[in-house]
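The values are calculated or read from the model by the stated rules, or taken from the named source; none is laboratory data. Please read all numbers here as calculations on a predicted model, not as lab measurements. FYI the Cβ positions are ideal-geometry reconstructions off the backbone, even for glycines, and counts take in every protein chain you see. Please note that ligands, DNA and RNA were not included when accessible areas were found on the heavy atoms of the full protein model with its side chains. Shrake-Rupley method; radii C 1.70, N 1.55, O 1.52, S 1.80 Å.
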Amino acid sequence: MAPPMSADRLLDALRDEGLAVVEVGDWRHHNRNHKGPWGPVHGVMIHHTVTRGAERTVELCRDGYPGLPGPLCHGVITKDGRVHLVGHGRANHAGAGDDDVLRAVIAERALPPDNEANTDGNRHFYGFECENLGDGEDPWPEAQLSAVERAAAAICRHHGWTERSVIGHLEWQPGKIDPRGFTMDRMRQRIRERLT
């Protein structure tokens, strides 16, 4: 069982992986910890935002919206490849997902189909929201894909995880489609290559 990284360690790990990091407000203390625990952590979850425009996307992910208060992730990866840290601690990003998937992530084995929503993912996953409309047509610039790869690898490197600890929201919660526009298998391959 892995305790979450400290805010300072997360920041250092992302920068050590070569990422441009933007600290947004008091991100170190912005969380939903009063709603439940954060940790032990077991993996990294990737999302798309269904938004356009970096400033608006970061603001939404930091503040949330009626019915879903922020932070909606730990970091927002914008089209230019920057990682905007908006929260540290429990975040409203994963929701309820499949306990069989969580067991597979912990064991770092192939993922089963996600057919249940019975486990609190906000407790167990770091979350990165990626600026994209999620329509399958909005492009994913290489700078952004590289940032997804590097951010996930930074966390995996710290915890001693392999690429199998990185999943998409669509692999966790039935009915989700994100991230759309690239495959998680290809992203995991990129992360594996970076880690080795």
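Using only Cα coordinates, the Kirkwood hydrodynamic radius of the range 43-97 works out to 11.4 Å.
Applying 1/(1 + (r/R0)^6) with R0 = 30 Å to the Cβ-Cβ distance of residue 80 and residue 12 gives a FRET efficiency near 0.90.
Across the range 34-44, in residue order, what do the Karplus-derived ³J(HN,Hα) couplings come to in whole Hz, using 6.51 cos²θ - 1.76 cosθ + 1.60 with θ = phi - 60° and x for Gly and Pro? The phi angles translate into 6, 9, x, x, 10, x, x, 9, 10, x, 10 Hz.
Of the beta bridges in the chain, as assigned by DSSP with both residues counted there, near 35 percent are antiparallel. The overall shape of the chain is rounded: from the C-alpha gyration tensor, with semi-axes ordered a ≥ b ≥ c, the ratio a/c is less than 1.5.
Peptides 61-70, 82-91 ordered by packing proxy, namely the average of other Cβ atoms within 10 Å per residue, highest first: 82-91, 61-70. Label-to-label distance for residue 20 and residue 196 is 3.1 nm, based on points extended 7 Å past Cα in the beta-carbon direction. Heavy-atom accessible area for residue 129, with the other protein chains in place and a 1.4 Å probe, reaches approximately 20 Å². With each run of n ≥ 4 DSSP H residues scored as -39500 (n - 2.57), what mean residue ellipticity at 222 nm is computed for the chain after dividing by its residue count and rounding to the nearest 500 deg cm²/dmol? My calculation for the chain gives -9500 deg cm²/dmol from helical runs alone.
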